[in-house]
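All remarks here apply to the structure that follows.
Nothing in this text is a laboratory measurement; each read-out follows from the coordinates by a stated rule. Remember, it's a predicted structure, so these values are computed and weren't measured experimentally. All Cβ positions, even for glycine, are placed from backbone atoms using ideal geometry, and neighbour counts span all protein chains on display.
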Amino acid sequence: MFILGIYLDNAATSFPKPYAVMKKMMEYMQNIGATSGRGAYKTAIEADRLIYNCRKMICKLFNGSDPAKVIFTSNITEALNVVINGFLKEGDHVITSSLEHNAVWRPLKTLERDKNIEISTVCCTDEGITDYNDVEKLIKPNTKLIIFTHASNVLGAIQPIREIGRIAKKHKVKFLVDSAQTAGAYPMDVQKDNIDILAFTGHKGLLGPTGTGGFILNCDIDINPLKSGGTGGDSKYPYQPDYFPNRYEAGTPNVVGIVGLGEALNFIYSVGIKNIRKKEEEIIEYGIERLKSVKEIEIYGPKKSDKIVGVVSFNIKNIKAEEISYELDKQYDIMVRSGLHCAPTAHKIMGTENIGAVRIGIGYFNEKEHIDTLVEALNKIQNKYM
């Protein structure tokens with residue numbers, strides 16, 4: 001059995017989860033067990049109800065218009081792939097940020113190679129700040145999609161999605177937002193923020209289990225399904241059904257994961273997104289100020305807590321990022337990430353594409369004491385390598 005130290009990798013996966021999440025998943029496995037949409041007996045109906053409740057809570061959290069247009073996938077990477085590969089066609093033009101995760105960048109580059117799509121990236125500052133006016137300058141007659149991360153998973157910088165969405169609507173271009181770093185930790189509204197498709201993941205700020213995610217449709221759009229298969233209904237029909245959510249949910253769903261996600265959403269509703277954001281912002285601000293006291297440290301991204309989510313990346317002069325994370329884990333039981341964080345384009349902006357960086361991911365269950373222990377450990381590591 002592991003004895004938990006200090007977990008500061010919430011940008012990858014949030015931990016710990018609310019106890020109620022684990023309890024609810026165990027109750028489902030012990031007392032229900034049935035899948036959803038595959039039976040008329042009472043436990044199957046209960047599974048249907050639990051999945052619908054989760055769908056409804058996600059719809060409400062982001063102010064969607066129809067729970068049926070909340071589509072579940074195995075994670076946000078699959079959600080982004082469904083939309084990108086199912087919507088874009090030969091010769092289409094896409095606009096995206098300079099900070100995208102490989103979950104966006106790799107599908108786009110693959111389509112550039114295989115379907116001759118055009119990709120334009122919007123410039124930003126070395127802190128990851130984007131001027132939304134630069135997006136409009138890149139729009140062409142064949143621009144079909146604008147894709148933006150809501151907040152960088154390396155620099156933490158929050159992007160001006162509401163203004164970008166307004167520009168997209170003006171030009172009748174669809175707007176897809178990657179909310180991997182913000183869903184559950186930052187207020188979002190697909191109506192007010194002018195978002196056509198919001199991709200989300202369950203295992204980060206939404207505090208749910210891994211293997212959960214999806215996207216919300218807030219527009220009329222023709223996206224070809226990534227998969228075809230069983231849905232529990234219309235079995236004689238030889239093609240994938242064309243109604244929501246079945247059009248995009250082929251095969252047995254991750255019922256236990258979605259049940260856990262639903263319980264995590266109950267926790268989030270009980271605390272309130274604004275309260276979650278307020279607490280995280282306080283720890284972010286405290287963390288940045290305390291990290292500044294470490295000798296020879298370079299902190300990347302905006303240094304203001306209201307401009308970032310709980311992501312702070314840094315390097316210490318003459319010490320490799322991998323050595324810092326190794327020492328923190330081995331000697332001090334502090335868990336952080338090092339490397340390129342699946343976002344080489346962001347590291348290019350930072351000038352760290354060849355060396356990577358150390359990243360701390362602050363979450364709702366972190367406390368200021370965790371930051372104090374981290375800073376104390378970093379100072380000892382810095383002294384050791386002098």
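Summary table
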read-out: Max mean-square fluctuation residue, GNM over the chain, Cα-Cα springs under 10 Å, options G310, G363, G229; value: G229
read-out: Stretchable slack from E367 to Y243, in nm (0.36 nm times residue separation minus alpha-carbon distance); value: 40.1 nm
read-out: Dipole of the chain [Lys/Arg +1, Asp/Glu -1 at C-beta], most positive-end residue of S65, Q181, V312; value: S65
read-out: Modelled FRET efficiency - R0 22 Å, N102 with K303, Cβ distances, 0.05 increments; value: 0.25
read-out: Size descriptor, Kirkwood hydrodynamic radius, that averages inverse alpha-carbon separations across the stretch 309-362, Å; value: 11.3
read-out: Semi-axis lengths, Å, the stretch 96-145, gyration tensor of Cα atoms, sqrt of 5 times eigenvalues; value: 20, 15, 6
read-out: Per-q log10 I(q)/I(0), the stretch 112-250, q = 0.09, 0.13, 0.15, 0.20 Å⁻¹ (Debye; single scatterer per alpha-carbon; no solvent); value: -0.34, -0.68, -0.88, -1.28
read-out: Rg and Dmax [Cα atoms of the chain; Å; Rg one decimal, Dmax integer]; value: 21.3, 71
read-out: Computed label-point distance, nm, for sites K320 and M22 using a 7 Å Cα→Cβ extension; value: 3.5
read-out: For the stretch 14-57, alpha-carbon Rg relative to the globular expectation (2.2 N^0.38 Å, N residues); value: 1.26
read-out: Contour excess over end-to-end distance, with Cα ends at Y385 and N63 and 0.36 nm allotted per residue; value: 110.8 nm
read-out: Mean Kyte hydropathy of 0.0 or more with a Cα span along the axis of at least 15 Å, helices from DSSP in the chain; value: 76-87, 255-271
read-out: Length released on extending from K295 to C219, taking residue separation times 0.36 nm less the Cα-Cα span; value: 22.3 nm
read-out: The stretch 119-188, Cα convex hull volume normalised per residue, Å³; value: 88
read-out: Coarse-grained scattering of the stretch 259-299 at q = 0.24, 0.32 Å⁻¹, given as base-10 log I(q)/I(0) from a Debye sum over alpha-carbon atoms; value: -0.77, -0.98
read-out: Candidates M350, M26, M188, ranked by Gaussian network fluctuation over the chain, Cα under 10 Å, top entry; value: M26
read-out: Highest-fluctuation residue, Y239, Y248, Y326 considered, GNM on the chain with Cα pairs under 10 Å; value: Y239
read-out: Label-point gap, in nm, between K172 and E118 - each point 7 angstrom along Cα→Cβ; value: 1.8
read-out: Tensor-based shape of the stretch 253-351 (alpha-carbon gyration tensor, a/c under 1.5 rounded, otherwise prolate or oblate); value: prolate
